[in-house]
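Reviewing the structure listed below.
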Amino acid sequence: MRAYERFLKYVNIDTTADSASNTCPSSPNQLILAAELVKEMKEMGIADARVDEYGYVYGSIPASIEGAPTIGLIAHMDTAEDAPASPMNAHIVENYQGGDLVMDEEGKNILRQSEYPMLGNYIGHDLIITDGNTLLGADDKAGIAEIMTFAEKALNTPGLKHGKIAIGFTPDEEIGRGPDHFDYAGFGADFAYTLDGGPLPEIECENFNAASAAIEITGVSTHPGGAKNRMKNAALIAVELINMMPPAERPEHTAGYEGFYHLIGMSGSVEKAKVYYIIRDHDMTKFLARKAFVERSVAYLNEKYGENTIKLELKDSYFNMLEAMKPNMHVMTRAEEAIRKIGFEPRRRAIRGGTDGATLTNNGLPCPNLPTGGMFAHGRRECICIQEMDKIVEMIEKIICED
Ligand SMILES: [Zn+2]
């Protein structure tokens, strides 16, 4: 079976993560996909395939030679909350000829090459898109499909030389909880790769340091007619705080290695206001300085409006994996050689976000991020090239198997 055929099955299970839930997995359908994957793994001959109480799927393929490392392959089962994942109308556009693609029957949703120039790389290839009303879920069901397709090949091709192959499918990556219950010891890999990136040939071992700031402002409400020297307007204090954050250091004005403060939500009345920020920077020194700046700003306003007017809860979310990767760069070069073997020149890229692999790497399991071929993730224009999925299965083989 080719990777895209499996992929088209998986996208029909709506596994949208639910950040409001405290359970793991956060949404019940992730367990349905997990059960489907275990069934498929068992059918192809992965005897130890299993799903644990948190919905993590594990399985392994025994080594065919001695002395080779145990390499892990990881992808995540959930999809982002940013766009709906059902009703899914994924379909294939054969032999893409460039230009705009009408996604739905009514002709309302259009995938425009002018907006997504990367499409130009896929002329003559087959693409999978949705009807433009949902995301596709190539992030990260493409990764799952590619790992499963390679696993099937590894089990059915005598003569492939490889160490033990550890497979792991995790829930809730999109809400930052992917590694929370990861069974490092049971997984048992010397190093691993997440297949959770974009198109070939980009490979990633750097990501943001990330924190969130939840800010609660308590005001004093009085009748406006008699408010003089009495009222403390929490909503206005929230606006004041927001205006203290550097306007040029927002996601919409930054790129590459530039960090940011991102206002992700606010609500407010005279009595109570809430402001939520996320803080991001690749550089640890700058990251710490950003957090300190938010603390200083809150302290300044507390001094101005009275102690405990503002409560700040700063929480780290994840850290850049680069420092922990540095002593393990052979894991990167192994993947880069594999990408060359399938005819591409690898390119290192710093993720402007997080990845499960960051936490895994920082916890002692070196785990860079590999391409899946998926494009325009988290949105209704998400798509993937079928032939690129085949190439990525080849790439996995070149990483895992010795010559
Ligand atoms: Zn992903």
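Between Asn133 and Lys398, what length comes free when the chain is fully extended (0.36 nm per residue of separation minus the Cα-Cα distance, one decimal in nm)?
Working: separation 265, 0.36 × 265 = 95.40 nm, distance 3.67 nm.
91.7 nm is the gain from fully extending Asn133 to Lys398.
When only the heavy atoms of the protein chains count and the probe is 1.4 Å, how do Asp18, Asp78, Asp180 rank by accessible area, highest first? Spell out each step's value before the answer.
Details: Asp18 60, Asp78 0, Asp180 100 Å².
Sorted by accessible area, descending: Asp180, Asp18, Asp78.
For the peptides 309-315, 243-249, 11-17, 220-226, what is the packing order when you average, over each peptide's residues, the other Cβ atoms within 10 Å and list the highest mean first? Could you put the intermediate results ahead of the total?
Details: 309-315: 15.9, 243-249: 12.7, 11-17: 22.0, 220-226: 11.0.
So the peptides 309-315, 243-249, 11-17, 220-226, ranked by packing, come out 11-17, 309-315, 243-249, 220-226.
If I take every Cα pair under 8 Å that is 6 or more residues apart in region 209-318, average their sequence separation and divide by the length, what percent do I get for the relative contact order? Mind showing how you got there, number by number?
Numbers: 200 pairs, mean separation 43.8, N = 110.
With pairs under 8 Å counted, the relative contact order is 40 percent.
Mind pulling the angle between the C-alpha long axis of helix 29-44 and the longest principal axis of the chain? Nearest 10 degrees, somewhere in 0 to 90.
Roughly 20 degrees between the two axes.
Of the heavy-atom accessible surface of the chain (probe 1.4 angstrom), what whole percent is carbon and sulfur?
50 percent
On C-alpha positions alone, give me the angle between the axis of helix 329-341 and the longest principal axis of the chain, in degrees, nearest 10.
Between helix and principal axis, roughly 50 degrees.
Report the label-to-label distance for Glu105 and Ala185 in nanometres (one decimal), using points 7 Å from each Cα along the Cα→Cβ vector.
Going from the Glu105 label point to the Ala185 one covers 5.6 nm.
Taking amide H positions as placed 1.01 Å from N in the peptide plane, with prolines and chain starts having none, which residues 5 or more places from Val220, or on another chain, fall under 5 Å of its amide H?
The list, which skips near neighbours in sequence, is Lys232, Asn233, Ala234.
Pull up the cross-link candidates among the aspartates and glutamates for Lys326, meaning alpha carbon to alpha carbon under 12 Å and not fewer than 8 places away within one chain.
Glu206
HN-Hα J couplings of region 196-211 from phi, Karplus 6.51/-1.76/1.60, θ = phi - 60°, integer Hz, Gly and Pro as x?
8, x, x, x, 4, x, 7, 9, 10, 9, 9, 8, 5, 8, 9, 9
What 222 nm value per residue comes from the helices of the chain, counting each DSSP H run with n ≥ 4 as -39,500 (n - 2.57) and dividing by all residues, nearest 500 deg cm²/dmol?
Working: 10 runs with 119 residues, N = 403.
Computed ellipticity for the chain at 222 nm equals -9000 deg cm²/dmol.
Mind checking region 97-162 for trypsin sites (Lys or Arg not before Pro) that DSSP puts in a loop (not H, G, I, E or B) and that have at most 16 other Cβ atoms within 10 Å?
Working: sites: Lys108, Arg112, Lys141, Lys153, Lys161; in loops: Lys108, Arg112.
Of the trypsin sites (Lys or Arg not before Pro), the ones in loops of region 97-162 whose Cβ has at most 16 other Cβ atoms within 10 Å are Lys108, Arg112.
What percent do you get for the relative contact order of the chain when only Cα pairs under 8 Å and 6+ apart count? Please report the intermediate quantities before stating the final value.
Details: 901 pairs, mean separation 93.6, N = 403.
Over the chain, the number comes to 23 percent.
Just to make sure I understand: if all protein chains stay in place, what is the order of Phe293, Phe7, Phe260 by accessible area at 1.4 Å, largest first? Mind showing how you got there, number by number?
Numbers: Phe293 55, Phe7 0, Phe260 20 Å².
The ranking, largest first, comes out as Phe293, Phe260, Phe7.
Of the residues His330, His162, His181, which exhibits the maximal mean-square fluctuation in a Gaussian network model of the chain defined by a 10 Å Cα contact cut-off?
Between His330, His162, His181, it is His330 that shows the largest mean-square fluctuation.
Rounded to the nearest 0.05, what FRET efficiency is calculated for Arg112 and Arg230 with R0 set to 45 Å and r the Cβ-Cβ distance?
On the way: r = 55 Å, r/R0 = 1.23.
Efficiency, rounded to the nearest 0.05: 0.20.
Which whole-number value in Å² is the accessible area per residue of region 19-63, probe 1.4 Å? Please report the intermediate quantities before stating the final value.
Details: 2150 Å² over 45 residues.
Value returned for region 19-63: 48 Å² of accessible area per residue.
Might you tell me the accessible area per residue for region 209-318, computed with a 1.4 Å probe and given in Å²?
Working: 6260 Å² over 110 residues.
With the other protein chains kept in place, region 209-318 gives 57 Å² per residue.
Zone of Tyr300 (label point 7 Å along Cα→Cβ, backbone N under 20 Å): which residues in region 208-230?
Within reach of a label on Tyr300: 213-218.
Order 164-173, 346-355 from most to least packed using the mean count of other Cβ atoms within 10 Å.
Values: 164-173: 25.3, 346-355: 18.0.
Packing proxy ranking, top to bottom: 164-173, 346-355.
Considering the options Ala350, Asn209, Ile339, tell which one lies farthest towards the positive end of the dipole of the chain, charges being +1 on Lys and Arg and -1 on Asp and Glu at the Cβ, about the Cα centre.
Asn209
List, in order, the whole-Hz ³J(HN,Hα) value for each residue of region 177-184 obtained from phi through the Karplus relation with A = 6.51, B = -1.76, C = 1.60 and θ = phi - 60°; use x for Gly and Pro.
Karplus values, whole Hz, x for Gly and Pro: 10, x, x, 3, 10, 5, 8, 4.
With N set to the residue count of region 209-318, report its C-alpha Rg divided by 2.2 N^0.38 Å to two decimal places. Mind showing how you got there, number by number?
Working: Rg = 15.1 Å, N = 110, 2.2 N^0.38 = 13.1 Å.
The value comes to 1.15.
Determine which lysines satisfy two conditions relative to Lys39: a Cα distance under 24 Å, and not lying fewer than 8 residues away in the same chain.
Candidates past the 8-residue exclusion: Lys9, Lys141, Lys153, Lys164.
Under the Karplus relation 6.51 cos²θ - 1.76 cosθ + 1.60, θ = phi - 60°, what is the ordered set of whole-Hz ³J(HN,Hα) values for region 342-349, x standing for Gly and Pro?
9, x, 10, 9, x, 10, 7, 9
Pick from Pro179, Pro84, Pro327: which residue has the top mean-square fluctuation in a GNM of the chain where Cα pairs under 10 Å get a spring?
Pro327
Taking the chain as the reference, fit the longest principal axis to its C-alpha atoms, fit the long axis of helix 284-305 to the helix C-alpha atoms, and give the angle between the two in degrees, 0 to 90, nearest 10.
20 degrees
Please give every one of the lysines within straight-line cross-link reach of Lys315, meaning a C-alpha to C-alpha distance under 17 Å, and leave out same-chain neighbours fewer than 8 residues apart.
Lys274, Lys286, Lys291
Evaluate E = 1/(1 + (r/R0)^6) for Glu307 and Ile264, where r is the Cβ-Cβ distance and R0 equals 22 Å; express this FRET efficiency to the nearest 0.05. Numbers along the way, then the final one.
Numbers: r = 27 Å, r/R0 = 1.22.
Approximately 0.25, to the nearest 0.05.
The values are calculated or read from the model by the stated rules, or taken from the named source; none is laboratory data. Computed from a predicted model, the values in this text were never measured in an experiment. Note: ideal-geometry Cβ built from the backbone for every residue, glycine included; neighbour counts use all protein chains shown. Just so you know, the surface numbers come from the protein's heavy atoms only, side chains and all, with ligands and any DNA or RNA stripped out. Shrake-Rupley method; radii C 1.70, N 1.55, O 1.52, S 1.80 Å.
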